[in-house]
Amino acid sequence: MNEFQFTTERLVIREYKKSDLDEYINVTSQPEIFATTYGIPKDYTRKYAKKYFRLIRENIANMRAFELGMFLKTNGRYLGNIGLINISLAHKHADISYYIDKDFRNMGFTTEAAYQMIKFAFEFMHFEKVTGICMSSNTASRRVMEKIGMKFEGTMRNELLKNGVYYNLDRLSILKEEYFTDSNC
């Protein structure tokens, strides 16, 4: 299978390589990322990261998920993760997932990468719907989803138990018809 790689104005979005492991661990183990996500463990070990890299490759090969790294075009610095996860080929939908290094937040990189993944979902995969879920308290993540055209569907109350505390999750989505109507395709 060919390597997945996309280029945007400022980013290269591509599959992970073994040489990315240390940068990936440094970013993914940031407390700020743990605090604002629901799927990343608090103690992100090298052993866990290696296992996860294998899972990412398997998921891409089997079209179950496309989790890719975001890298600066100018110098190749690793910024974070972007992907389509929980793919259902039968129902033609997926969830978008992302996180970014604390030092590169509020610069539009996540929105740029997320839009590329939405474009891939609708123009290449021909999905009907892409959903995004974030902690209700994570207003930055919700803003990214709104900027790429997602609409609020509702709040799932006390959906996530993390460190003994329940959190509400907001669910947003975009349909294929909305993407093609609202974008400049």
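Close amide-amide hydrogen proximity is noted between E153 and R171, L172, S173, each under 5 Å apart and 5 or more residues distant or on a separate chain (H modeled in the peptide plane; Pro and chain starts excluded). Evaluating 6.51 cos²θ - 1.76 cosθ + 1.60 at θ = phi - 60° for every residue in the range 48-58, the Karplus couplings come out as 4, 4, 4, 4, 5, 4, 5, 4, 4, 4, 4 Hz, glycine and proline recorded as x.
Which whole-number percentage describes the relative contact order of the range 5-182, with Cα contacts under 8 Å and a sequence gap of 6 or more? Relative contact order comes out at 18 percent. With R₀ set to 22 Å, the beta-carbon distance separating Y38 from K17 gives a calculated FRET efficiency near 0.25.
Using the Cα atoms of the chain to build a convex hull, what is its mean projected area in square nanometres? With every direction weighted equally, the projected area is 10.6 nm². Of the GluC sites (Glu not before Pro) in the range 128-185, the ones in a loop by DSSP (not H, G, I, E or B) with at most 16 other beta carbons within 10 Å are E128. Once backbone amide H atoms are built at 1.01 Å from N, F4 has E15 as its partners under 5 Å, excluding neighbours fewer than 5 places away on the same chain. Residue-wise HN-Hα couplings along the range 144-158, as the Karplus relation 6.51 cos²θ - 1.76 cosθ + 1.60 with θ = phi - 60° gives them from phi, are 4, 4, 5, 5, 8, x, 6, 10, 5, 9, x, 10, 9, 6, 6 Hz; Gly and Pro carry x. For the chain, modelled as a Gaussian network with Cα springs under 10 Å, which listed residue fluctuates most, S97, S137, S19? Its mean-square fluctuation being the largest, the pick is S19. Database remark: amide H of F127 closer than 5 angstrom to the amide H of F122 (H placed geometrically; neighbours at sequence offset of 5 or more, or on other chains; Pro and chain starts carry no H).
Sequence-ordered 3J(HN,Hα) estimates for the range 21-32 from the Karplus curve with 6.51, -1.76 and 1.60 and θ = phi - 60° stand at 4, 5, 5, 4, 5, 4, 6, 5, 8, 5, x, 5 Hz, glycine and proline given as x.
Taking N163, N106, N81 as the candidate residues, the one with maximal mean-square fluctuation in a Gaussian network model of the chain, Cα springs under 10 Å, is N163.
All of the numbers you see were taken from the coordinates with simple rules; none came from a lab. Computed from a predicted model, the values in this text were never measured in an experiment. Cβ atoms come from the backbone with ideal geometry, glycine included; neighbour counts cover every protein chain shown.
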